[in-house]
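The values are calculated or read from the model by the stated rules, or taken from the named source; none is laboratory data. Just so you know, these numbers come straight off a predicted model, no measurement behind them. As a convention, Cβ positions derive from the backbone with ideal geometry for all residues, glycine included, and neighbour counts pool all protein chains shown. Accessible surface is based on the protein model in full, side chains and every heavy atom, while ligands, DNA and RNA are left aside. Shrake-Rupley method; radii C 1.70, N 1.55, O 1.52, S 1.80 Å.
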Protein chains: 2
Amino acid sequence: MKGKLGQQSLSQRVYQQIRELITEGELLPLQRLSEANLSEQLEVSRNTLREGFRLLTQEGLLVYQPHRGVCVACPQVQDIIDIYRVRRVIEIDAIKQSYPFHPALPTMRQAIQKALQLRHQSNWQGVGTANMEFHRALVSLSDSKRLQHLFYSIAAELRLAFNFLGSPERLHSPYIEKNDQLLMLLTAGKINQAVTLLHDYLVASERLLLTAYSQHTA
Amino acid sequence: MKGKLGQQSLSQRVYQQIRELITEGELLPLQRLSEANLSEQLEVSRNTLREGFRLLTQEGLLVYQPHRGVCVACPQVQDIIDIYRVRRVIEIDAIKQSYPFHPALPTMRQAIQKALQLRHQSNWQGVGTANMEFHRALVSLSDSKRLQHLFYSIAAELRLAFNFLGSPERLHSPYIEKNDQLLMLLTAGKINQAVTLLHDYLVASERLLLTAYSQHTA
DNA sequence: AAGTCATTATTGTTCAACAATTATTTATTG
DNA sequence: CAATAAATAATTGTTGAACAATAATGACTT
């Protein structure tokens, strides 16, 4: 019934669509996804939908329960801890590879501008997205396809965790200035200082999120 | 037509089966996988097979060409470089987390024993497998689900690269002793020395593989 | 209210079909 | 004969229906 124009396969599209629903907070943890419903809603067959499900399951955004279908993953405290551990490893390694005219630096600058603009409009969801774009650009300093891919994956999980908590502004907003500082250090080639800043930044961010989590649980 | 007993889904089984065919060297780079053929051979439907294909594609072991199907990935030199970059990041970080009675250490010991035994039987493919088991255990020192998963993935790619070259014994054999040294340093708590040893080990291994690659190309 | 059994809904998997695209063969022409 | 164009075959991309296996629901009994 579908004459396709776009290059990508349908299952790939489905994968991205659901992924976006999750990272944008339209789908929340523990929510079950019915194959019948979703396949009708996204206008694809169940088989195609299931291909997308598998991808998202492997990525950790969906959880599979045999014969009971999939539901949106619910990041546990230990996941937060693990994710930040990975972030420290990947991001710190990435900035160690930085050099003054790396093409990622302008991209980081753009992300900061975008975040500032969205904060001015009080679009906190957008600020969160821009912040993640900054860090994705940062990771691309590593020039490593595989490390970038892993970060792409955990960034989505992290987004899910933030949305879980209702993503209040205070969780993202103060970091824009930190990002700016960090970028300045990198453009100046002050790697060691940048490493320290980023490390502290990540530790603080983790603590904030864990605190919010414990309150949310209680 | 299938009454299933095993817990895992069929597509998961298919995923593992094909994965094994690749890591064990039965399927070589650039080989095209016909849906009709393979689905008959593995006794699953095309739809189920395709679910497995997608997983392997996301993992980088298969390459997808729209309307032309999938073929086994062919690791390029830049992939080798990237993989070793990731290995250094992950493995060195992992051993920094080591402590004397970490449960991963006995597993590493077992892998060494297994490798020695298989070397004695001149089973080089097996030695390669055991070597990878050693390093997988090493990475589990990190206690990070996500870093372990990434390593699981790149280990398979690496295996593919080795098989591509015909996996001559000299590529693996001399490393058993290095593994042993490394493990002794870890059990003794001499982390710094272990880091140095592992780093040099990985650099040397990368160089060896890249050299073999350039010869293979020529 | 707790436990058993029948009923219903959902997932797991297959199959057959057909549109869209690519590969191959045949025909045509210079 | 070589090169190219057209026709044909094969493969992938996607669907919808079917049915078995399992889980969820609800009625019934005590």
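Quick notes on this structure:
- Treating each Cα of segment A:157-218 as an identical point scatterer and summing with the Debye formula, the log10 of I(q)/I(0) at q = 0.12, 0.14, 0.23 Å⁻¹ comes to -0.36, -0.48, -0.94.
- Based on protein heavy atoms only, segment B:10-72 ends up with 50 Å² per residue of surface accessible to a 1.4 Å probe.
- Heavy-atom accessible surface of the protein assembly as shown: percent carbon and sulfur, 1.4 Å: 52 percent
- In the context of the full protein assembly, A:Val63 retains an accessible surface of approximately 60 Å², using a probe radius of 1.4 Å and ignoring ligands and nucleic acids.
- Segment B:Gln65-B:Tyr99, length gained on full extension (0.36 nm per residue, minus Cα span): 7.6 nm
- Remark: accessible area buried at the B-A interface is about 2600 Å², both chains counted, probe radius 1.4 Å.
- Amide H contacts for A:Gln31 (H built 1.01 Å from N in the peptide plane; partners 5 or more residues away or on another chain; cut-off under 5 Å): A:Val72.
- Sorting A:Lys178, B:Lys145 on solvent-accessible area from highest to lowest, probe radius 1.4 Å, gives B:Lys145, A:Lys178.
- Overall form of the protein assembly as shown per C-alpha gyration tensor (a/c, 1.5; a/b vs b/c): oblate
- Taking label positions 7 Å along the Cα-Cβ direction at both B:His149 and A:Thr57, the computed distance is 1.3 nm, reported to one decimal.
- Residues with amide H under 5 Å from that of B:Leu62, placed H, sequence gap 5 or more: B:Thr57, B:Ala73
- Cα centroid separation - segment A:23-79 against segment A:92-123, whole Å: 31 Å
- Between copies, the label points of A:Pro100, set 7 Å from Cα on the Cα→Cβ line, lie 5.0 nm apart, reported in increasing order to one decimal in nanometres.
- Put a plus charge on the Cβ of each Lys and Arg, a minus charge on the Cβ of each Asp and Glu, and nothing anywhere else: the dipole of chain A about its Cα centre is then about 300 debye.
- Net +/- balance of residues flanking B:Ile22 in space, Cβ distance below 12 Å, scoring K and R +1, D and E -1: -3
- Treating each Cα of chain B as one equal point scatterer and applying the Debye formula with no solvent, the log10 of I(q)/I(0) at q = 0.10, 0.14 Å⁻¹ comes out as -0.49, -0.91.
- Remark on segment B:19-62: accessible area falls by at least 40 square angstrom from chain-alone to full-complex state for B:Asn47, B:Glu51, B:Arg54, B:Leu55, B:Gln58, probe 1.4 angstrom.
- Nearby aspartates and glutamates by direct alpha-carbon distance to A:Lys190 (threshold 15 angstrom, same-chain neighbours under 8 apart not counted): A:Asp93, A:Asp180
- Computed magnitude of the charge dipole of segment B:149-218 (debye, nearest 20; Cβ of K, R +1, Cβ of D, E -1): 40 debye
- If only the Cβ of Lys and Arg carry +1 and only the Cβ of Asp and Glu carry -1, the dipole of segment B:49-114 around its Cα centre is close to 120 debye.
- Using a 7 Å Cα-to-Cβ projection, A:His120 label spacings across copies, nm, ascending: 7.4
- Per residue, chain A reaches -22500 deg cm²/dmol at 222 nm when only DSSP H runs of four or more residues are counted, each adding -39500 (n - 2.57).
- Taking the Kirkwood radius as Rh and the Cα radius of gyration as Rg, segment A:10-72 has a ratio of Rg/Rh equal to 0.91.
- Inter-copy label distances at A:Gln215 (7 Å, Cα→Cβ; nm, one decimal): 6.3
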